[in-house]
Amino acid sequence: MSLLEVRGLTHRFGGLVAVSDVSFDVGEDEIVGIIGPNGAGKTTVFNLISGIFRPSAGTVIFRGQDITKIGRPERVCRLGIGRTFQVVRPFGDMTVLENVMVGAFARTSHLAEAEAIAREVLGFLYLDHKATVPAGSLTIAERKRLEVARALATRPKLLLLDEVMAGLNPTEVAEVVPLIRQIRSSGVAILMIEHVMAAMMALAERIVVLNQGEVLAMGTPEEVTRDQRVIEAYLGEEVVHA
Amino acid sequence: MSRRLSPSAWAALAGAAVLLLLPLVVRSKFALHNLILVFLYASLAASWNILGGLAGQHSMGHAAYFGIGAYTSTLLFIRLGISPWIGFLAGVALVAVFALAVSYPAIRLRGPFFTLASIAIVEVLRRVAIHWRSLTEGSVGLTVPFKPGWQWMIWRGKEPYYYLTLLILIGVVALTYGIRRSRVGYYLRAMRADEDAAAVLGVSTTRYKLMALLISAVLTGMLGTIYAQYMYFIEPDSVFSLDLSIELVLLSVIGGLDSVMGPVLGAALVVPLNEFLRGVGSQQLQGLNFFIYGVVLIIVVILMPNGIIPTVRRWWERLNGSRLATAHTKGVAR
Amino acid sequence: MRRDKAIGTLMQAIVSGLLLGGVYSLIAIGLTMVFGVVRIINFAHGELLMIAMYLTWLLNLWLGLDPYVAVLIVAPVMFVVGVAVQRGIVQPILGSPASMKIFATVGLSIALQNLALMLFKGDFRTVQTSYSTAVMRIGGLSISTPRLVAFFVAVALAGGFFLFLKRTLVGKALRALAEDRDAAALMGIPVRRLYVLAFGLGTGLVGVAGALLIPVFYTFPTVGQLFGLTAFVVVVLGGLGSMPGAMVGGLIIGVVESLSGVYIAPALKEAVYFLLFIVVLLVRPQGLFGLGRGTEEVGLK
């Protein structure tokens, strides 16, 4: 039994079908990627898994528990799924440390303990030198790491990363890749949406390709990037040789 | 590091000590009366700020809870002879029920819609209080009989009222301080910044909004009873007062929404001057006073959106550099 | 006979309500347009009405001008006042969060109310004209002439305003701005200048409403609180940013108020529509015609 089992996930917004019959698994220590053109339904899948929406049909099973109908993001977080947002949302009035402590409080109600957890996570993500700074004053790369730190402080078993590389230059991307590997090594499975193919190829063990709400292909990075349908729908010829 | 108190906390403690000893030196009834009013307004503003500043839900209808508290304890006292010490508990219970039934659905609305709803709620209550003469005596108001005695929360001198209101203020400030340095405080501030982002971090937004609402409302209701027992007279226009609600917002915004002492500072700046002018008697001078406050509010929003205290704190920190931050609180909420 | 009398009372109440409602609509249109274009909830809108009413009264006191003549001065002056408010207060805080913008308008509201208190004291002022108490009898109903005039002027002005928005270039630019600010800016629409225009126009409309009201109402420093609140009820009922909504909403509220005053209790007539307001907020916050546009910027999601 996998950590996360998604079966037949379907979601409609009014008359529009955003996600249709999507199924895939994520194993305990796996890094699984989701790629696809814009509007393919990737973020909607994240919203469905993390409890922001309730799916029109299908099931989501996490650690053997059916979490499909929960519909409350805070409960899904408590069960062990963390997520970041595509457009980062720091708590601007609070310091970096305080931001991460909000996440840490998911696991403890003591101030000192939350602070300790937060500092540890900040250190892990190379943000400890910015602990006392208001979150609103960070650079975009730092904000991305803060977003991950916050989610990590909730001690998830599965981390959903939504385009964490977006907006980063190649140097910054190269810094984040080993961080994600380290997160996985610490026992957190990762499901990541990404457009930056270099990062995806380096990290993902398996990739799910979504197109117009449906699973177009699924497999190892090599299999997927050679799949003709994927090339036509999303990749284009150049990427294969990148 | 978390145990150490910040400079502003020490200042507050020192101030509290001075105030506790003050009646031994100051005998003037006028001065004590002014301070009692400052304490009352400061407590009201600080209670409002738990919901408005900390949780970011700007109610402009807090007078609803004030009025319910005042009328409940006063009616129980006048009609049934029940001591206000018990009556305020009934008032507080009624406020809690009201907040749950009416304000809580409204607070699910975001931002300005909640503000507008809160105004409408106060206005409805005021008119109902005016209309329901058999219960409230309408616009005539209710007079609290002068029956001195500890059991009736009525005293001849000003000193007992002084200590009662001061202790309540200290209690509310301590409570606010405690909330800010706890999980509840962090969650409220996160929700204020971004509810959805907070939710995916495990924050039950509805539960914490409700918590902030109930604490804020209940404290305000309790203060309604104190007000009634001090002023000996309540009427719909003065307790279910939209102006009072707005004044609480004014005090907190000027003093600083995201701070513990901000509302207290706001009250200390605004109330004494207002009382002095009211004593002088001119309506027009009072108008000038509040005109200035209105202008100050505008200027504060434009120049110091965080209010006086957080802005001053930031200037202070910038003057002292990182030395202060690492030595004392390391970025943790004060 | 009794049934006739009952129907007569009902008709009278409805008609009175509609007449007043027309003026409510005029006041609300200004408010909803400012919201739709500038995306700010102006808590001082009622105070702008108060200024207009005092101004009309002053013109009558000093120059003996009839309100229906004074309106030709009051409306442009209020336009300028609106421009001043936009440039002086709203513009500097356009980037602030929605809640802070509201506090600024609350500050303005406090300042204006107390300015009036300082200048004119708390006394109730009105303008007595030859037609203030004139009444027309139509079909068994007595209709106050100044209220009828106010109604027609309000409706005509509202109609003219709709035409302005639909037909003229400037009007279309305003509507484009209300619909999608970024797209409008990209198309070269001068956003800031239009904000100023919108505020000025909205305040000008309120100016006309003030001049129309003073023959039949009193003005005093806090009159803005009541009318302002009513305007908010109308705007929310009709839908924030929707001008047809403001028109229809005003008439509905006028009738509700009138019927409540007659059939429930005069002291509770406003309470009834405030309750209606709360219900609308809880059940359908986007109002009758609102499409939820722009609500994110004002703090709603």
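Taken together, the values in this text are just the output of simple stated rules run on the coordinates, not laboratory data. Keep in mind that this is a model prediction, so the values were computed, not measured. Neighbour counts run over all protein chains shown; Cβ positions are idealised from the backbone, glycine included.
Of note:
- Against the empirical 2.2 N^0.38 Å (N residues), the stretch C:1-119 has a Cα radius of gyration ratio of 1.38.
- Difference of contour (0.36 nm per residue) and Cα-Cα distance, residue C:164 to residue C:5: 52.9 nm
- Alpha carbon convex hull of the stretch A:168-242, projected area averaged over orientations, nm²: 5.4
- Three semi-axes describe the equivalent ellipsoid of chain A; taken as square roots of 5 times the Cα gyration tensor eigenvalues and ordered largest first, they are 29, 22, 15 Å.
- Label point distance in nm, residue C:96-residue A:65, each placed 7 Å from Cα along Cα→Cβ: 4.4
- Relative contact order of the stretch C:2-283, pairs being alpha-carbon contacts under 8 Å that are 6 or more residues apart, as %: 42
- For chain B, the longest principal axis of the Cα atoms and the long axis of helix B:205-231 meet at an angle of about 40 degrees.
- Whole-percent P(r), the stretch A:5-142, all Cα pairs, 10 Å bins from 0: 11, 33, 31, 22, 4.
- Ellipsoid semi-axes in whole angstrom, largest first, where each is sqrt(5λ) of the Cα gyration tensor of chain B: 32, 25, 20
- Packing rank of C:203-210, C:149-156, B:35-42, where each peptide gets the mean count of other beta carbons within 10 Å, highest leading: C:203-210, B:35-42, C:149-156
- Ranked by how many other beta carbons lie within 10 Å on average, peptides A:59-65, B:312-318 from highest: A:59-65, B:312-318
- The distance separating the Cα centre of the stretch B:169-187 from that of the stretch C:64-135 comes to 41 Å.
- Principal-axis analysis of the Cα atoms of chain B puts helix B:242-255 at an angle of about 30° to the longest axis.
- Folded to 0 to 90 degrees: helix B:183-193 orientation relative to chain B principal axis, Cα: 80
- Only Lys, Arg, Asp and Glu carry charge here, each on its Cβ (+1 for the first two, -1 for the last two); on that basis the stretch C:2-283 has a dipole of about 300 debye about its Cα centre.
- Within the protein assembly as shown, antiparallel bridges make up roughly 65 percent of the DSSP beta bridges whose residues both belong there.
- In chain A, the DSSP-assigned H stretches of four residues or longer account for a calculated mean residue ellipticity at 222 nm of -10000 deg cm²/dmol, using -39500 (n - 2.57) per stretch and the full residue count as denominator.
- The stretch A:196-229 versus the stretch B:9-49: alpha-carbon centroid distance in Å: 67
- Rounded to 0.05, the FRET efficiency of the residue B:20 and residue C:264 pair, given R0 = 45 Å and the Cβ-Cβ distance, is 0.30.
- Interchain or long-range residues, amide H under 5 Å from residue A:214's placed H: A:20
- For the stretch C:2-283, projected area of the alpha-carbon convex hull averaged over all directions, nm²: 15.9
- Debye log10 I(q)/I(0) for the stretch C:178-301, one point scatterer per Cα, at q = 0.15, 0.16, 0.19, 0.23 Å⁻¹: -0.84, -0.94, -1.20, -1.43
- Per-pair calculated FRET efficiency, R0 = 60 Å: residue B:275 and residue A:198 via Cβ, rounded to 0.05: 0.30
- Annotation for residue A:214 and residue C:282: the two label points, set 7 Å from Cα along the Cα-Cβ direction, are 4.6 nm apart.
- Looking at the protein assembly as shown, the pairs of alpha carbons with a distance over 49 Å make up 29% of the total.
- Taking 7 Å steps out from each Cα toward its Cβ at residue C:73 and residue C:134 produces label points 2.2 nm apart.
- Other protein chain C-beta atoms within 10 Å of residue C-beta, averaged over A:124-135: 2.
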